[in-house]
Structure formats: C-alpha cells, structure tokens
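The values are calculated or read from the model by the stated rules, or taken from the named source; none is laboratory data. In this text the structure is predicted, and so the values were computed from the model without any measurement. Because the Cβ atoms are built from the backbone with ideal geometry, glycine has one as well, and the counts that use them run over all protein chains shown.
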Amino acid sequence: MWLRTSCDIEFNLTVPTPFLLMLRPRSGAQQWIAREEYKLVPNVPAFEFTDIYGNLCQRLIAMPPAFAVYTAADVMTADHVDQCFGGAFVEVQNLPDNVLNYLLPSRYCESDRFGQMATSITAGLMPGYDQVAAITDWVHSTIRYETESSDVPISAVEVNMQQHGVCRDLTHLCIALCRSLSIPARMVVGYLYELKPMDLHAWFEVFVAGRWYTFDPTVDKLKGGYVAIGYGRDAADVAVYNQFGPAVYPIAQKVLVKRIEDHI
C-alpha cells in the first residue's frame with residue numbers, strides 16, 4: 001500500500017540549542033520512500049549522518065525564539081506483515097555479527113532479569129518464532145496498553161511492576177523477555193496506518209529463521225501499514241529528537257498517516 005506520512009514538531013527556545021533529529025525514513029526490505037519533504041523553520045545549517053544502527057540523523061543548532069521541523073514522505077509499504085510460525089531459533093554462534101548487539105541487556109530492557117518469567121511464558125514451545133508470539137500475546141493480554149500514560153521512557157522491570165504503559169513501554173518488556181531467551185530483539189519507531197489516537201508508534205522485531213520479523217504487543221492482530229523511521233536497542237536509541245542544554249519540550253506536535261492511490 002501507498003501511505004503519506006507527516007510529522008510536524010514546534011519548539012520555543014530561550015538559548016541556541018543543539019539538536020539531534022531522527023525523522024527521515026529510509027528505503028529497505030519492507031518499505032520504499034518515493035518522495036520526501038524535510039523543512040526547518042527558520043532554515044539553519046544541518047548536517048546528516050548515519051548512526052551505528054543505520055538510521056538517518058541530522059545535527060543542527062536551532063536559534064531562539066522559535067524552531068520547527070516539518071516532514072512528509074510518500075512510502076510504499078507492505079500490505080501485510082510476514083509471519084513465520086515454526087520459524088527456528090538461530091543459535092548464537094550462527095548469528096550475523098551485526099545482530100549480536102541485540103542480545104545484550106540495555107538501558108530500558110534488562111533482559112538479565114527476565115529469564116525465569118520468559119521460560120514460564122514459553123514453556124513447551126518450539127524455540128524461535130513461536131516463543132516470541134507467546135511473549136507478545138502474554139504482554140498484550142497482561143499489561144494494560146494506555147496511550148498518553150507516560151511522558152518518559154520506563155524500563156521493562158518498571159513496566160512489569162506497574163502493569164500498564166504506552167506502546168514504547170510494552171515493547172521494552174517484550175524485548176527484554178525475548179533477549180532473555182537468547183533471541184535478538186530490537187525496537188522500531190515510526191508510523192502505523194489507522195493507529196488511534198494517531199501518533200508516532202513503537203513496536204519490535206526479532207531475528208529468527210534467518211531474518212527479522214515484526215511483532216506489536218499493542219494490537220489484536222498484525223496488519224500492514226508500518227513505516228519505520230529508526231531502529232535501536234531501546235527507546236534511548238530511537239528518539240526522534242534529542243536536544244542538549246536547558247530542557248525543551250514541543251509546544252505542538254502533529255502526526256498524520258493517510259492512504260494514497262499513488263505517490264504523485
């Protein structure tokens with residue numbers, strides 16, 4: 001399907017403020033970027049680089065009093081999400097080098113704390129895809145998904161304790177559980193068609209049966225319409241913006257995703 005995505009963010013600033021932005025989706029196995037707009041108001045010099053996870057990032061210094069980023073893209077993305085029940089676990093010694101980092105505990109995904117829980121949730125299942133599906137179903141049915149319930153990221157341990165969270169929080173718990181079983185798992189941030197309420201979204205992917213597969217603990221059933229912006233170990237790696245200096249929060253943020261017939 002063809003989707004038109006947009007994300008507009010506006011700030012009020014009191015001092016010159018360095019920003020790192022991550023708002024440009026890139027073409028890959030599951031999506032093709034046919035057209036893109038990226039506007040800074042006021043226009044300031046920006047320098048683009050690719051981070052260690054392959055994400056397109058921009059660095060700049062925004063000047064007071066007002067600064068805004070307006071982005072849009074026409075994206076061809078999959079009509080459905082590939083699934084692979086029965087997909088085999090890949091032994092650690094056979095994993096690609098660039099996947100190994102997604103086995104380790106990270107700031108918000110303390111996978112070394114969840115081995116016993118993950119083993120209980122997946123008891124009797126074939127190692128690999130089926131274990132991840134069981135973990136996702138368990139989080140979906142056990143942890144309450146509450147939009148706008150958290151302004152700051154919380155860790156998997158905290159999510160498990162409070163039993164509710166936003167998409168980012170549920171994803172942290174799923175990732176921690178998967179990694180505790182030596183299944184590589186990474187966070188993805190981006191857009192989801194027909195998400196309600198519309199906002200940026202977080203989900204996760206795991207490496208089984210020789211490739212990455214998508215999972216989302218916030219939905220009843222996987223469907224097409226995902227557009228990835230960034231990949232990383234957890235929320236610390238996939239923030240759409242980081243600013244440095246006095247704390248700055250958006251005064252306005254608007255996210256839209258609509259289906260289009262073509263990328264004209």
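Give the number of residues within the range 19-41 that are at pLDDT 95 or above, assigned to a strand (DSSP E or B) and within 27 Å of Asp82 (Cα to Cα).
9
Residues that are more than 23 Å from Tyr53 (Cβ to Cβ), assigned by TED's automatic domain parsing to the domain that holds Ile61, over 16 Å from the mean Cα position of the chain (by Cα) and in contact (Cβ under 8 Å) with a residue 24 or more places away in the chain: does the range 188-201 have at least one?
No, there is no match, as no residue in the range 188-201 is more than 23 Å from Tyr53 (Cβ to Cβ), assigned by TED's automatic domain parsing to the domain that holds Ile61, over 16 Å from the mean Cα position of the chain (by Cα) and in contact (Cβ under 8 Å) with a residue 24 or more places away in the chain.
Just give me the residues in the range 231-264 being in a loop (DSSP other than H, G, I, E, B) and either β-branched (Val, Ile, Thr) or under 19 Å from the mean Cα position of the chain (by Cα) (or both), in sequence order.
Going through the range 231-264, the residues in a loop (DSSP other than H, G, I, E, B) turn out to be 233-234, 238-240, 244-251, 261-264.
Selection gives Arg233, Asp234, Val238, Ala239, Val240, Val248, Ile251, Ile264.
Identify, please: which residue in the range 169-201 is crowded, with 24+ Cβ neighbours inside 10 Å and among the basic types (Lys, Arg) and is, among those, farthest from Ala235 (Cα to Cα)?
Result: Arg179.
Quick test for you: out of Pro105, Pro18, pick the one residue that is closer than 30 Å to Gly245 by Cα, assigned by TED's automatic domain parsing to the domain that holds Val157 and either surrounded by 12 or more Cβ atoms within 10 Å (Cβ to Cβ) or among the aliphatic types (A, V, I, L, M) (or both).
When all the criteria are applied, what remains is Pro105.
Kindly indicate whether any position in the range 206-221 is among the aliphatic types (A, V, I, L, M), under 16 Å from the mean Cα position of the chain (by Cα) and farther than 21 Å from Phe114 by Cα.
Looking through the range 206-221, at least one residue is among the aliphatic types (A, V, I, L, M), under 16 Å from the mean Cα position of the chain (by Cα) and farther than 21 Å from Phe114 by Cα.
Pick from Arg144, Arg107: which is of a type in the set (Lys, Arg) and closer than 30 Å to Gly210 by Cβ?
Details: Arg144 fails: closer than 30 Å to Gly210 by Cβ.
That would be Arg107, the only listed residue that is of a type in the set (Lys, Arg) and closer than 30 Å to Gly210 by Cβ.
Residues that are of a type in the set (Asp, Glu): which strands (runs of 3 or more DSSP E) entirely in the range 122-230 hold 1 or more of them?
Numbers: elements: 185-192, 201-208, 211-215.
Answer list for the range 122-230: 201-208.
Mind listing just one residue for me: the one in the range 158-167 that is out of contact with any His (no Cβ under 9 Å at 6 or more places or on another chain) and surrounded by 13 or more Cβ atoms within 10 Å (Cβ to Cβ) and, of those, farthest from Lys221 (Cα to Cα)?
So, considering only residues that are out of contact with any His (no Cβ under 9 Å at 6 or more places or on another chain) and surrounded by 13 or more Cβ atoms within 10 Å (Cβ to Cβ), the one farthest from Lys221 (Cα to Cα) is Gln162.
Quick one: which of Ser111, Ser120 is in contact with a Pro (Cβ under 7 Å, 6 or more places away or on another chain) and either of a type in the set (S, T, N, Q) or at pLDDT below 95 (or both)?
Among Ser111, Ser120, only Ser111 is in contact with a Pro (Cβ under 7 Å, 6 or more places away or on another chain) and either of a type in the set (S, T, N, Q) or at pLDDT below 95 (or both).
Just to be sure I understand the filter: pairs with C-beta atoms under 7 Å, separated by 6 or more residues or on different chains, first member in the range 70-98 and farther than 30 Å from Lys254 by Cβ and modelled with pLDDT of 95 or more, second member acidic (Asp, Glu) and outside any loop (DSSP other than H, G, I, E, B). Which pairs pass?
Phe85/Asp130; Gly86/Asp130
Yes or no, residue by residue, for (1) farther than 15 Å from Tyr191 by Cα; (2) buried (at least 19 other Cβ atoms within 10 Å of the Cβ); (3) in the same structural domain as Pro184 (by TED's automatic domain parsing); (4) among the β-branched types (Val, Ile, Thr):
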position	(1), (2), (3), (4)
Gly210	yes, no, yes, no
Tyr213	yes, yes, yes, no
Tyr231	no, yes, no, no
Val248	yes, no, no, yes
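Pull up the range 42-62, narrow it to residues that are surrounded by 14 or more Cβ atoms within 10 Å (Cβ to Cβ) and in a loop (DSSP other than H, G, I, E, B), then point me to the one that is farthest from the chain's Cα centre (by Cα).
Ranking the candidates gives Asp51 first.
Condition test on Gly115, is it surrounded by 14 or more Cβ atoms within 10 Å (Cβ to Cβ) and within 30 Å of Arg26 (Cβ to Cβ)?
no
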